[in-house]
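See below for the structure under consideration.
The values are calculated or read from the model by the stated rules, or taken from the named source; none is laboratory data. Since this is a predicted model, take the numbers as computed values, not measurements. No Cβ is skipped: glycine too gets one built from the backbone with ideal geometry, and neighbour counts run over all protein chains shown.
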Ligand code: GLU
C-alpha cells in the first residue's frame, strides 16, 4: 500500500513511462518506503521533490554502428540516462547485454541515485549501456564497439558532468577501450571521466574487488548485529562474474563456506567450498561455461543445468547475477532451507514478493542499494585519487571500503529505527538515500 499522495505519483510514473516494468518496480520500492518521511517533512511534497526525482534530468539514446571481423555492419542502440545531479556529477556504470532497453537503464539509474546518496560521497545518479551482446565476440570486435559507443558518448560526459564505469558486460578491458577513445577524441588525459580503469593508467586499488568485497562486509555487519558471523555458515552466491567472484573471495576470508555458484547455463554444487583459483581460471581466463568447473574439479562436485540455484539449503544467500533472480517461490525455498541473511550483490535481484517473504520470516535482508554500494563508493575513491593525482595502497583502500560499508550498515539500521521499522534495511536505505538527495534538491532551488 502506498501513501495516498504517492499513489497518484506512481500512477503518473506508469502513464509517462509505458512498458518500462523494471523502472516501475524500482520506483514502487522506493515510494513504498518513504510514506512516513512525508509526514515528518511536508516541504518535500510542497516542492514536488518526488515527482522531480522520478523524472530523469536528461535521457540520451544514440545509434552505435560497428563492423564485425567478417566485415558485416551491425547497428546497436546506446543509452545514457543522467538521472540526478543534486549530490555530484552523474555516476553509474554501463551495461552491455542484449536485454538492455530504456526501462532497464532507467531502473538502474533510479536505484543509483539513492545508492550513491547512501554512500555519503559527492556523486549523483546515472546509468547507461547498450543492447550489444559481447558473448562470443573477439577482442577486436569489442574494441571497435567500445570506440563507436564512445564516439557519441564523449560529448555528454566529463569529470564534472557524468562519470561512467562498468556493469554487466563492461569490465576493465572495455573501460580501457572507452577511456582510450575519449582521450583520443578530446585530446585530454581526463582520468576521472570514467572509473574502473586499469592500475597502469589511473585505476584504483580494490575497485575490481569492491562490489563483492563490500557486499561480504555488509553481510558480515548484518550477521554481527544478530550476534553471529560467517564462521561455519553455508553460503550460496549466484553468478560467476566480477561481483560473484570477489564476493566468494571475501566470504571465504571471513570464514564462510561458499557451496555453490552459477552462470546462465546452470549451477555447480561443491560442498567442500568453491575452488576460487579454478573458478577464476575457467571464468576470467578461459571464458568457459559452468560445467567445465565441475568436470575439472571432479569428486563430488556436480553441475545442475536449467534449475534455480536457490533450491539449495544455505544460511546465507548472496544473489550476484542480475535483476529479479529470486522469485517469491525461491524466497520460500530459502526460508525453508534455514536462510538467515540475504545480501544483494546484484541490482534488484529479489522480486517484491521475495522481499516480503524474507522480511516476514525475519531474515536479515540487505538490499542492493546498501549491500552493493561498495563498487560505486570505490569509484568515488578512484575519482578522489585521480583529482589529487595520487594512488593509495591496497590495504588503505580496503580499509576505507570496509569503513564505508560499516557506516552504510549503521545508517540503514538507525534510520529504520527512527521511522519505526527496526531491522528493515530496505526502508532504512531508501529513506536515508532519499533524504540526502531531497535535502540537496531543496537547497539548490527548482532544478
Ligand atoms: N555498476 C556498479 C553499480 O551498480 C558501479 C557503478 C560505478 O562504479 O559507477 O553500482
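For the reader, a short list of remarks on this structure follows.
- Conditions (1) more than 16 Å from the ligand (Cβ to nearest atom); (2) in a helix (DSSP H, G or I); number of the one not met by residue 231: (2)
- Against the numbered list (1) surrounded by fewer than 18 Cβ atoms within 10 Å (Cβ to Cβ); (2) more than 16 Å from the ligand (Cβ to nearest atom); (3) more than 17 Å from residue 438 (Cβ to Cβ); (4) modelled with pLDDT of 95 or more, residue 7 comes up short only at (4).
- Only one entry in 129, 109 is assigned to a helix (DSSP H, G or I), within 16 Å of the ligand (Cβ to nearest atom), free of Cβ contacts under 8 Å to residues at least 60 places away in the same chain and within 23 Å of residue 374 (Cβ to Cβ), namely 109.
- Only one of 216, 225 that is in contact (Cβ under 8 Å) with a residue 24 or more places away in the chain and either within 16 Å of the ligand (Cβ to nearest atom) or under 16 Å from residue 376 (Cα atoms) (or both): 216
- For segment 249-264, a residue qualifies if it is assigned to a helix (DSSP H, G or I) and over 23 Å from residue 381 (Cβ atoms), and exactly one does: 252.
- Search result, residues across segment 143-179 that are out of contact with any helix residue (DSSP H, G or I) (no Cβ under 8 Å at 6 or more places or on another chain) and away from the ligand (no atom under 16 Å from the Cβ): 144, 145, 148, 152, 155
- Of the set (1) more than 22 Å from residue 243 (Cβ to Cβ); (2) more than 14 Å from the ligand (Cβ to nearest atom); (3) outside any helix (DSSP H, G or I), all apply to residue 135 but (1).
- Among the residues making up segment 15-28, those that are touching a helix residue (DSSP H, G or I) at 6+ places or on another chain (Cβ under 9 Å) and closer than 17 Å to residue 83 by Cα are 17, 20, 22, 23, 24, 25, 26, 27, 28.
- Across segment 13-33, the number of residues qualifying as over 17 Å from residue 101 (Cβ atoms) and within 21 Å of the chain's Cα centre (by Cα) comes to 6.
- Flag for residue 196 being closer than 18 Å to residue 143 by Cβ, buried (at least 22 other Cβ atoms within 10 Å of the Cβ) and in contact (Cβ under 8 Å) with a residue 12 or more places away in the chain: yes
- Residue 40 satisfies every condition listed in (1) free of Cβ contacts under 8 Å to residues at least 60 places away in the same chain; (2) more than 21 Å from residue 419 (Cα to Cα) except (2).
- Each residue in segment 357-374 was checked for being in contact with a helix residue (DSSP H, G or I) (Cβ under 8 Å, 6 or more places away or on another chain) and away from the ligand (no atom under 16 Å from the Cβ), and 7 pass.
- Restricted to segment 357-422, the set of helices (runs of 4 or more DSSP H) holding at least 3 residues that are closer than 16 Å to residue 112 by Cβ comprises 368-371, 373-387.
- Filter result for the condition that a residue is closer than 27 Å to residue 50 by Cα and within 18 Å of the chain's Cα centre (by Cα), over 414, 435, 369: 369
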